[in-house]
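The values are calculated or read from the model by the stated rules, or taken from the named source; none is laboratory data. Remember, predicted model here, so these are calculated numbers, not experimental data. Positions of Cβ are generated from backbone atoms using ideal geometry, with glycine treated the same way; all protein chains shown enter the neighbour counts.
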Amino acid sequence: MLDVVFVAMFVVVPLLGLSIYLVKYRRQYAWHKRLQLTMATVLLIAVSLFEVDIRINGWEQRAAGIPSGTGSPYFDPEHKWTSPAGVALIVHLSFAVPTLLLWIVVVTRALRNFPRPPQPGLHSRWHTRYGWAAAIGMLFTGITGWLFYYLAFVAS
């Protein structure tokens, strides 16, 4: 599931840029909505399955190389939160958790406050401001997630 979430974020971040481009420059509100709802659904499923996998299998043993013996040089199980991989995870979570909550709020409010089909309205100013915050948060969530992934599972 680590690989699935890595790839999902690798796809979602550019699609997020496309979605913003479509609404800002092409005024394609329906396509923006479709892309946002698709990305939200894909990420919700991928992250949920990832969380189940992490709760069942953990990440520390994989990063430490147990039982294979080929662990990351950036992870020390005895100092997991001060090792580079542990610090990268803390930084990642400091972006991921607030961004997830913000994205849920932005999507929920958009569904409640924009007409069908979607078009600019009274909610647009709020949506633009917090949508940008969510998009920037998602970018940093992706970057820090990829860094953690590399430090914990790829580096040898």
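Computed values, structure above
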| quantity | calculated |
| --- | --- |
| Any hit, the stretch 86-97, residues being within 20 Å of V13 (Cα to Cα), surrounded by fewer than 14 Cβ atoms within 10 Å (Cβ to Cβ) and not aromatic (F, W, Y) | yes |
| Enumerated helices (runs of 4 or more DSSP H) restricted to the stretch 1-109, each holding at least 1 residues that are touching a residue at least 12 places away in the same chain (Cβ under 8 Å) and of a type in the set (V, I, T) | 2-24, 29-57 |
| So L151, is it among the aliphatic types (A, V, I, L, M), in a helix (DSSP H, G or I) and touching a Pro at 6+ places or on another chain (Cβ under 7 Å) | yes |
| Of the criteria (1) surrounded by 18 or more Cβ atoms within 10 Å (Cβ to Cβ); (2) in contact with a helix residue (DSSP H, G or I) (Cβ under 7 Å, 6 or more places away or on another chain), which one H123 fails | (1) |
| Candidates T99, T108 - the one that is of a type outside the set (A, V, I, L, M, F, W, C), within 15 Å of the chain's Cα centre (by Cα) and modelled with pLDDT of 95 or more | T99 |
| Residue among S48, S72, S68 that is surrounded by 13 or more Cβ atoms within 10 Å (Cβ to Cβ) and of a type in the set (S, T, Y) | S72 |
| Residues that are of a type outside the set (A, V, I, L, M, F, W, C) and farther than 16 Å from R27 by Cα, drawn from the stretch 102-122 | T108, R109, R112, N113 |
| Check on G69, small (G, A, S) and over 24 Å from I143 (Cβ atoms) | yes |
| Breaking point among (1) farther than 27 Å from Q119 by Cβ; (2) surrounded by 15 or more Cβ atoms within 10 Å (Cβ to Cβ); (3) not aliphatic (A, V, I, L, M), for Q36 | (1) |
